[in-house]
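These notes are about the structure you will find just below.
The values are calculated or read from the model by the stated rules, or taken from the named source; none is laboratory data. Model, not experiment: these values are computed from the prediction. As a convention, Cβ positions derive from the backbone with ideal geometry for all residues, glycine included, and neighbour counts pool all protein chains shown. Please note that ligands, DNA and RNA were not included when accessible areas were found on the heavy atoms of the full protein model with its side chains. Shrake-Rupley method; radii C 1.70, N 1.55, O 1.52, S 1.80 Å.
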Amino acid sequence: MNRCRTGLAVSLVCLITVLALPAGRAMALDNGLARTPPMGWNSWNQVKCYDVSEQVVKDAADAIVDSGLREAGYEYVVVDDCWQGGRGADGRLFSDPERFPSGIAALADYVHARGLKFGIYSVPGSLTCANTWDNYPVRGIGSLGYEQVDADAFAAWGVDYLKYDWCQAERDGIERQAAFAEMRDALAATGRPIVYSISEYGETQPWQWGPDIANLWRTTSDIAPNWSAVSSIIERQAELAPHAGPGGWNDPDMLQIGNGSLTPAENRSHFAMWAMLASPLMLGTDLTALDAETREIVANRSVIAIDQDPLGRQAERIRREAGYDVWRKELTGGRYAVALLNTGGASADLRTTFTELGVTGRYRVTDAWTGQVQGQAGGRIGTSVASHDTALYVLTPVGR
Ligand code: GAL
């Protein structure tokens, strides 16, 4: 999979790749996919286990198209856990006949017909997470011992994205890096381009070994639809910037925007910070019932462009104070994105300076939320930011 990993002869391309890697970055899985963080929708945060169905997935695909989110970049429609109905006598997985009566291939066709890509969920062990945590009764649906059978089935059905979730598979006596690598190789053997998303909740620092195995790796345990969960995940990403880049991304979990107790300010911060962190942007709310304010957040082209910047850098935290954070993300064209995140309980004037940001020269400062050009007297930028909200700027060099 990784051309640079095998063989004695190190090609010039590989040498240049290695020299160009940011410090700390291992070589990335070379499947040519996820050159920018994947964007799309996943069923889990919306419907969890028992309510997932082909209708829910079709509705999400239709809503992505109808609401203009496809044009904004949302692409992958992913069915999470609980689609499985069992394994047939031939060892092949089949879908739950009640909730997915048309089968997965037909569902993938439906999604593809709308100009989108289709994803699915499996696990390296014998039990899925829903088997363990949600009493999902269907057994024998993990990929252990069926890695190539399942990869071949996924490819035959038209799967473009696999989420492969650890789910305590150490209980099966397997080792996680080897198990994740086995499915990587099984997917490669199908010859179909399939984005490979792995999940072991950051338990064994997957950012250290993930780049060689997968296109994205979860960095934390599950997100929940409240500010305490979102902010504690942000807090844990600050050290991980060196490990992200084109083809291999830290995954602080799927978006909860539009769900639970998150306020509009918190939804904005959730989106702004996932963009700053070059995170996958996988929506997890009911897109058929998206209100205008939430839609405006997740469809904001400038914020999406920060996430999708082809340089593929993850933001670094420049300052952490009681009550606020300053983050800086390097972008293409000598530009930077800057986030001022109010972590405190009240509105506050949040400021930074070009000096603090480590940028020299003249820049035009644009508010990424509104597109308005900001004043920047003496290299100072900032504004009043509501509790749990985020001011987000793009700095573009001028006069050079
Ligand atoms: C969890 C995973 C969730 C979801 C769930 C399915 O382990 O973190 O994102 O996939 O399993 O059962």
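What percent do you get for the relative contact order of the chain when only Cα pairs under 8 Å and 6+ apart count?
On the way: 846 pairs, mean separation 57.5, N = 400.
Here the relative contact order equals 14 percent.
Over every Cα atom in the chain, the radius of gyration and the widest Cα-Cα span, Dmax, amount to 21.2, 72 Å.
Which pairs, out of LYS58/LYS117; LYS117/LYS329; LYS58/LYS163, put more than 21 Å between their alpha-carbon atoms? Over 21 Å Cα-Cα: LYS117/LYS329.
Neighbours of ASP251, meaning other residues whose beta-carbon lies under 13 angstrom from its beta-carbon, give a summed charge of -2 when Lys and Arg score +1 and Asp and Glu score -1.
Accessible surface of the chain, 1.4 Å probe: 51 percent of it comes from carbon and sulfur atoms. Between the helical axis of 264-276 and the longest alpha-carbon principal axis of the chain there is an angle of about 80 degrees. Angle of helix 176-190 to the longest C-alpha principal axis of the chain, folded into 0 to 90 degrees and rounded to 10: 70°. Helical content alone sets the calculated 222 nm signal of the chain at -8000 deg cm²/dmol, taking -39,500 (n - 2.57) per DSSP H segment of four or more residues and averaging over every residue. Here the 3J(HN,Hα) profile of segment 101-109, calculated from phi with Karplus coefficients 6.51, -1.76 and 1.60 at θ = phi - 60°, is x, 7, x, 6, 4, 5, 5, 4, 4 Hz, Gly and Pro shown as x. Where in segment 196-228 is the amide nitrogen less than 11 Å from a point lying 7 Å along the Cα-to-Cβ axis of GLU239? Residues 205 qualify, since their backbone N sits under 11 Å from the label point. Where Lys and Arg each count +1 and Asp and Glu each count -1, what net charge lies around GLU266 among other residues with Cβ under 14 Å from its Cβ? Cβ neighbours under 14 Å give a net charge of -1.
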